[in-house]
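The values are calculated or read from the model by the stated rules, or taken from the named source; none is laboratory data. Note that the coordinates shown come from a computational prediction; the quantities given were computed from them, not determined experimentally. Heads up, the Cβs are rebuilt from the backbone with ideal geometry, glycines too, and the neighbour counts pull from every protein chain shown. Only protein heavy atoms, including side chains, enter the accessible area calculation; ligands, DNA and RNA are left aside. Shrake-Rupley method; radii C 1.70, N 1.55, O 1.52, S 1.80 Å.
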Amino acid sequence: MGFGLFNLQILRLNRLNKKDPKMLIQRFLGAAVPLIVLALVAFAPVLFSGYIWLDEQLVADSRVVRDPMGILECWYTFPGGEYAPVSLALLWLQHHIWGVGAGGYHLVNIVLHGLSAVLLWRILSKLRVPGAWTAAALFAVYPAFLSSVGWVSQFGTVLATVFCLASIAAFLKYDVFEPHTRDPVAYRWALCFFVLALLSKTAVALPLPVTLLALMWWRRGSRVGIRWKHAWRCTPFFLCLIPALWAMAFAHTRGEWRLTGESVSWSGQAAEAAWMTWYGIGKTLVPVGQHIIYPLRMQGVPFPLNLLPVGVAVIALIGLWLYRGITVVRAFFFALLCYLVAMAPVFLLPRYDLLRYAVTADYWKYPMAFLFVIPIVAGGTQLLAKAGNVGKRLAPLAAILLVAAAACHTYALATAYQDSVGLWEKTITMCPDNWIGYQNLGKTLFTQGRYADALEPLTKTIELNPNDVQVHELLGTALRELGDLEASKAHLAEAQRFGPNIDDHGTGGPDKADAGPQGLSSFLNVDIMPAQRQRDILHYDERLFTAYDGPALDDLQASRRAATETDLATAKRLIESALRADPDALEVRYLAGYIRFLDNDMSTALTLLNGVLTEQPRLIGANYMIGEISRQRGEFDRAMGYYNVAV
């Protein structure tokens with residue numbers, strides 16, 4: 001293929017002999033496959049990086065993804081504060097293929113990103129943009145997209161981008177100048193892909209109707225413009241936005257992700273969002289020094305100076321519109337308009353993502369910010385084409401060098417993802433006053449068993465975000481492992497005081513309280529459990545009892561009800577009957593041990609529960625009860641071991 005890959009005239013499929021479908025397919029694959037391969041090569045180190053930040057919470061720790069019936073539940077839940085059932089359902093499917101290993105999820109993300117590059121190439125070719133394949137190749141390896149492609153938690157972003165680009169490609173096939181050549185099936189496909197994008201990640205699909213209008217305006221020229229009959233074609237797309245925006249606002253305000261820190265005014269949020277817009281454009285055009293999070297820059301800037309970035313955005317839009325007759329100016333107007341629409345949630349929803357974490361996230365640049373790169377590539381291609389034979393010979397070499405440099409830079413940045421400790425240390429250097437970096441560094445060190453090293457970042461996290469339940473638990477466990485039992489107990493008590501329903505911003509989320517009505521972190525403390533919470537123990541192993549259908553079923557259920565109602569005399573009588581009917585059943589022996597535990601017959605309870613754990617050592621309630629019994633006997637090390645298993 002050689003230099004021909006970078007020659008738009010060769011790759012433009014509408015000039016191929018359509019009577020030869022074999023040649024058509026060969027030419028298409030000859031251009032499409034290298035784009036996917038480029039993406040795989042540039043982002044290859046991500047395949048071995050494991051989970052990053054919210055990835056584990058979304059996959060390994062997500063009840064919806066793990067549960068066999070989660071494929072149904074994903075359609076009426078809001079994990080992460082957003083409604084994205086299609087992406088969640090596909091994560092569920094991946095979980096039942098790959099399990100909890102991160103490599104498979106990363107591979108899917110990279111392949112989807114490569115498919116987006118292929119679709120972008122076809123769209124740019126349809127629009128007759130010079131250097132279409134070069135721009136698509138640069139998109140496939142672009143360093144600024146590492147946060148989106150490299151995080152499993154951004155699967156919805158990458159998937160929605162594929163659907164959005166597929167919708168645009170189908171719409172362009174329908175939106176032709178000759179009415180008799182329009183393909184109504186393509187229009188229906190465009191609408192279907194848009195709906196799938198909304199159900200994958202609404203924030204990504206939000207600007208698509210405006211983008212379609214802008215594309216029709218672009219194709220008809222700045223002086224001709226578009227008429228109402230053209231705009232009417234986008235009406236169904238705008239109508240689809242109404243329920244999607246309602247679901248987005250509902251998920252945002254339903255209270256699962258309560259925030260810490262000071263509240264801000266709308267002007268303060270608009271200032272941060274506008275700054276984030278310009279900063280994202282700058283980091284896209286100069287993709288060096290990419291980080292996981294960035295500090296907010298407009299905090300503390302007084303009104304009205306803090307609205308300066310907003311004013312610059314408005315002036316830029318007006319100025320570009322006034323000079324829209326120039327092709328390159330029209331291209332940048334198109335890019336800025338679409339990017340500002342994509343940023344609308346950050347401007348309009350109270351304390352949306354950037355203020356949820358007090359960060360400027362890289363994944364907001366994907367994919368809209370790349371619109372600012374395309375005119376630069378197209379302009380460079382045109383300049384070389386006008387330079388005569390020398391320029392035409394230099395064009396393929398320049399394209400190769402550009403794509404290779406971007407791929408190498410992406411590869412180097414992706415390699416850093418394999419060192420979680422170094423990644424979060426770098427983040428702390430960038431944002432020394434943000435608790436997220438300290439929290440994740442402490443969690444990473446704790447997971448590696450480096451308890452002494454984890455103390456400093458975990459303690460700093462508590463200073464910056466005092467109600468972080470999971471960090472209190474991790475700090476308490478680390479101190480226990482280091483032998484400081486008094487300090488350990490203090491932090492476990494703090495975790496209990498805050499309770500299970502206080503969100504810890506990405507470390508637990510809605511699924512954290514899923515274990516039971518009191519929440520595991522709420523009652524697993526080195527104190528005697530209150531009587532009302534003792535009745536919750538069996539809830540943690542609910543599936544064990546619901547699966548039982550043996551001969552002692554009636555007595556088992558009746559005994560459990562009696563124990564829950566604190567009628568221990570009836571409970572003991574019924575469980576004895578159940579033991580006679582089915583003495584080998586693990587469920588019956590577990591309930592018998594629980595009732596003996598409630599009745600303070602600790603010796604019998606310990607014997608029964610130890611027997612249960614020999615068969616199923618990961619039962620939460622059984623481990624907790626043995627921990628309580630050991631604590632009451634003064635066997636604190638043994639008690640902590642069982643508590644730790646339960647946690």
Highest-first arrangement of 183-191, 336-344, where packing means the average Cβ count within 10 Å: 336-344, 183-191
Net charge over other residues, Cβ less than 11 angstrom from the Cβ of MET216 (K, R count +1; D, E count -1): +4
Centroid-to-centroid separation of segment 435-494 and segment 555-606 [C-alpha atoms, Å]: 38 Å
Mean Cβ count within 10 Å, highest first, over the residues of peptides 133-141, 321-329, 577-585: 133-141, 577-585, 321-329
Residues of segment 85-204: accessible area per residue with a 1.4 Å probe, Å²: 30 Å²
